[in-house]
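Visitor: Can you keep this structure in mind? I'll have questions shortly.
The values are calculated or read from the model by the stated rules, or taken from the named source; none is laboratory data. Only a predicted model underlies this, so the values are computations on that prediction, with no experimental measurement involved. Note: ideal-geometry Cβ built from the backbone for every residue, glycine included; neighbour counts use all protein chains shown. When the accessible area is computed, the model is the full protein with side chains, heavy atoms only, and any ligands, DNA or RNA have been set aside. Shrake-Rupley method; radii C 1.70, N 1.55, O 1.52, S 1.80 Å.
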Amino acid sequence: MEKIQALRQQVDEVNEHILQSLNARAALIKQIRELKDKVSSDYFDPEREEEMLRNIIEKNEGPLSGKMIGDIFNHIFKVNLEFMGISHEKLPLVSDINKVKFCTIKEMFNLEKEGPYIIAGPCAIESLEYAEKIAQLLKGNNIKFIRGGAYKPRTSPYDFQGLGKEGVKILSHVGKKHNLITVSEVVDGSEVESVAKHIDMIQIGARNMQNFELLKRAGASGKPILLKRGMSATIKEFIFAAEYIALQGNKKIILCERGIRTFENKTRNTLDISSIPIIKKETQLPIIVDISHSLGRKDIIQPIAKAALAVGADGLMVEVHPKPELALSDSRQQLDPEEFQELLGALEA
Ligand code: PEP
Ligand code: MN
């Protein structure tokens with residue numbers, strides 16, 4: 001019994017040594033971080049961790065196995081990183097201002113005016129005549145961006161699929177004529193280059209937010225990319241989708257919150273208003289809110305537009321059509337020219 005007592009006392013003493021050593025180690029790591037803070041933001045160094053682990057295991061004489069020692073030290077490393085507030089996960093470029101600086105919307109398009117910017121236009125380009133009417137409406141209201149789908153991702157294959165190349169041609173034509181910045185969606189990687197030749201900003205739609213090959217190809221075009229949030233995507237997934245574009249060296253990315261799927265069916269999607277300040281906090285990227293696809297209805301568009309701008313959105317996307325009741329897609333949510341002007345008036349006030 002006395003022997004056990006004596007051994008227990010020794011264990012207590014070893015515990016105290018370990019305790020002191022662990023804290024001494026943490027204090028050293030803290031000093032290293034303070035020195036590193038002055039030169040870079042790269043704190044997590046997996047190679048250095050591996051090297052330390054190799055050395056420790058080499059020196060291990062047992063009775064604990066190398067694997068056991070490895071597990072213990074891995075845990076020590078992990079706790080130390082947590083102590084420093086460093087995550088093992090690589091910080092995305094889009095978050096890390098020290099690595100790459102991303103463009104503001106103003107810088108992307110050499111604009112004079114500060115935001116909020118409005119991207120408006122029909123759901124789909126349906127004819128030259130309609131596109132021309134909308135372009136004139138936008139020009140008359142000093143709006144800089146015109147949108148219009150040529151390749152439409154439709155739920156039903158029987159619904160209008162867009163005019164394709166012809167739609168791109170029409171949008172590009174009215175854009176040039178009225179000096180508007182054109183925005184149109186690409187749904188297939190093979191169309192990126194041909195659309196990029198004629199359109200100023202490539203839209204990646206909600207349904208393709210995690211089509212990684214499309215993101216890479218669009219990113220590589222060097223064109224500004226408007227990336228819409230997937231309807232079932234978390235904010236983290238949204239940010240990492242943007243990261244695929246950024247990794248192509250593309251610094252012109254605009255995110256677009258367009259609502260997510262929930263059980264609520266009073267609106268087409270549930271506008272996640274909190275994503276805007278979160279994305280502002282966690283990334284450097286500009287973000288706009290698509291008030292048409294988030295709502296799927298127009299009667300509450302004014303308060304929602306104001307709310308989006310109030311929480312810090314850099315702009316709005318809104319669908320407008322010369323005759324919404326005749327539109328070949330999203331007929332219920334598209335504003336007519338008068339309603340569009342009312343919205344602009346309400347925003348100005
Ligand atoms: C669109 O903007 O034309 C569109 C189809 O929207 P979303 O991808 O957000 O559904
Ligand atoms: Mn639409």
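Visitor: Would you mind listing the helices (runs of 4 or more DSSP H) fully within region 15-130 where at least 2 residues are more than 27 Å from Tyr244 (Cβ to Cβ), outside the structural domain of Asp336 (by TED's automatic domain parsing) and open to solvent by less than 50 Å² (accessible area, probe 1.4 Å)?
Guide: Numbers: elements: 46-59, 66-83, 105-108.
Per the criteria, 46-59, 66-83.
Visitor: Could you count how many residues in region 146-175 are of a type in the set (Phe, Trp, Tyr) and either touching a Cys at 6+ places or on another chain (Cβ under 9 Å) or without any contact (Cβ under 8 Å) to a residue 60 or more places away in the chain (or both)? Can you show your working first?
Guide: So the first thing to find is which residues in region 146-175 are of a type in the set (Phe, Trp, Tyr), and the list is 151, 158, 160.
Add one more test, that the residue is either touching a Cys at 6+ places or on another chain (Cβ under 9 Å) or without any contact (Cβ under 8 Å) to a residue 60 or more places away in the chain (or both), and what stays is 151, 158.
Of the residues in region 146-175, 2 are of a type in the set (Phe, Trp, Tyr) and either touching a Cys at 6+ places or on another chain (Cβ under 9 Å) or without any contact (Cβ under 8 Å) to a residue 60 or more places away in the chain (or both).
Visitor: Residues of region 211-238 being assigned to a helix (DSSP H, G or I), open to solvent by 10 Å² or more (accessible area, probe 1.4 Å) and under 16 Å from Pro286 (Cα atoms), which ones?
Guide: We begin by selecting, within region 211-238, every residue assigned to a helix (DSSP H, G or I); these are 212-220, 235-238.
Keeping just the survivors that are open to solvent by 10 Å² or more (accessible area, probe 1.4 Å) gives 212-213, 216-217, 220, 235-237.
Selection gives Ile235, Lys236.
Visitor: Determine which member of the set Glu319, Glu282, Glu348, Glu339 is under 19 Å from Leu138 (Cβ atoms), of a type in the set (Asp, Glu) and away from ligand 2 (no atom under 16 Å from the Cβ).
Guide: Working: Glu319 fails: away from ligand 2 (no atom under 16 Å from the Cβ); Glu282 fails: under 19 Å from Leu138 (Cβ atoms); Glu339 fails: away from ligand 2 (no atom under 16 Å from the Cβ).
Residue meeting the stated conditions: Glu348.
Visitor: Is it true that some residue in region 97-112 is touching a helix residue (DSSP H, G or I) at 6+ places or on another chain (Cβ under 6 Å) and at pLDDT 95 or above?
Guide: Filtering region 97-112 down to residues touching a helix residue (DSSP H, G or I) at 6+ places or on another chain (Cβ under 6 Å) leaves 99-100.
Of the ones still in play, those that are also at pLDDT 95 or above are none.
Checking region 97-112: not a single residue is touching a helix residue (DSSP H, G or I) at 6+ places or on another chain (Cβ under 6 Å) and at pLDDT 95 or above.
Visitor: Return the residues of region 45-80 that are more than 17 Å from Ile29 (Cα to Cα) and among the basic types (Lys, Arg); say none if nothing qualifies.
Guide: Arg54, Lys59, Lys67
Visitor: Exactly one of these conditions fails for Lys281: (1) surrounded by 18 or more Cβ atoms within 10 Å (Cβ to Cβ); (2) without any contact (Cβ under 8 Å) to a residue 24 or more places away in the chain. Give me its number.
Guide: Here Lys281 meets the rest and fails (1).
Visitor: Could you tell me which residue of region 266-293 is farthest from Pro92 (Cα to Cα), considering only residues that are in a loop (DSSP other than H, G, I, E, B) and of a type in the set (Lys, Arg)?
Guide: Step one: of region 266-293, the residues in a loop (DSSP other than H, G, I, E, B) are 266-269, 271-274, 283-286.
When the remaining residues are screened for being of a type in the set (Lys, Arg), the result is 266, 268.
Numbers: Lys266: 36, Arg268: 31 Å.
Going through the qualifying residues, I end up with Lys266.
Visitor: Test each condition in (1) closer than 30 Å to Gly149 by Cα; (2) modelled with pLDDT under 95 for Glu89 and report the one that comes out false.
Guide: Unmet for Glu89, out of (1) closer than 30 Å to Gly149 by Cα; (2) modelled with pLDDT under 95: (1).
Visitor: Can I ask one more? Kindly indicate the residue of region 280-299 that is hydrophobic (A, V, I, L, M, F, W, C) and within 16 Å of ligand 1 (Cβ to nearest atom) and also nearest to the chain's Cα centre (by Cα) among those meeting that condition.
Guide: Initial filter on region 280-299 (hydrophobic (A, V, I, L, M, F, W, C)): 285, 287-289, 291, 295.
Checking which are within 16 Å of ligand 1 (Cβ to nearest atom) leaves us with 287-289, 291, 295.
Details: Ile287: 8, Ile288: 11, Val289: 12, Ile291: 17, Leu295: 20 Å.
Per the stated criteria, the residue is Ile287.
Quick grid of which residues meet (1) away from ligand 2 (no atom under 16 Å from the Cβ); (2) free of Cβ contacts under 8 Å to residues at least 60 places away in the same chain; (3) not aromatic (Phe, Trp, Tyr):
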{"site": "Ser190", "(1), (2), (3)": "yes, yes, yes"}
{"site": "Ile199", "(1), (2), (3)": "yes, yes, yes"}
{"site": "Gln210", "(1), (2), (3)": "yes, yes, yes"}
{"site": "Leu215", "(1), (2), (3)": "yes, yes, yes"}
{"site": "Gly222", "(1), (2), (3)": "yes, yes, yes"}
{"site": "Met231", "(1), (2), (3)": "no, yes, yes"}
{"site": "Thr234", "(1), (2), (3)": "yes, yes, yes"}
{"site": "Phe238", "(1), (2), (3)": "yes, yes, no"}
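Visitor: Find the residue count for region 300-349, including only residues that are within 16 Å of ligand 1 (Cβ to nearest atom) and either open to solvent by 50 Å² or more (accessible area, probe 1.4 Å) or in a loop (DSSP other than H, G, I, E, B) (or both).
Guide: Number of matching residues: 10.
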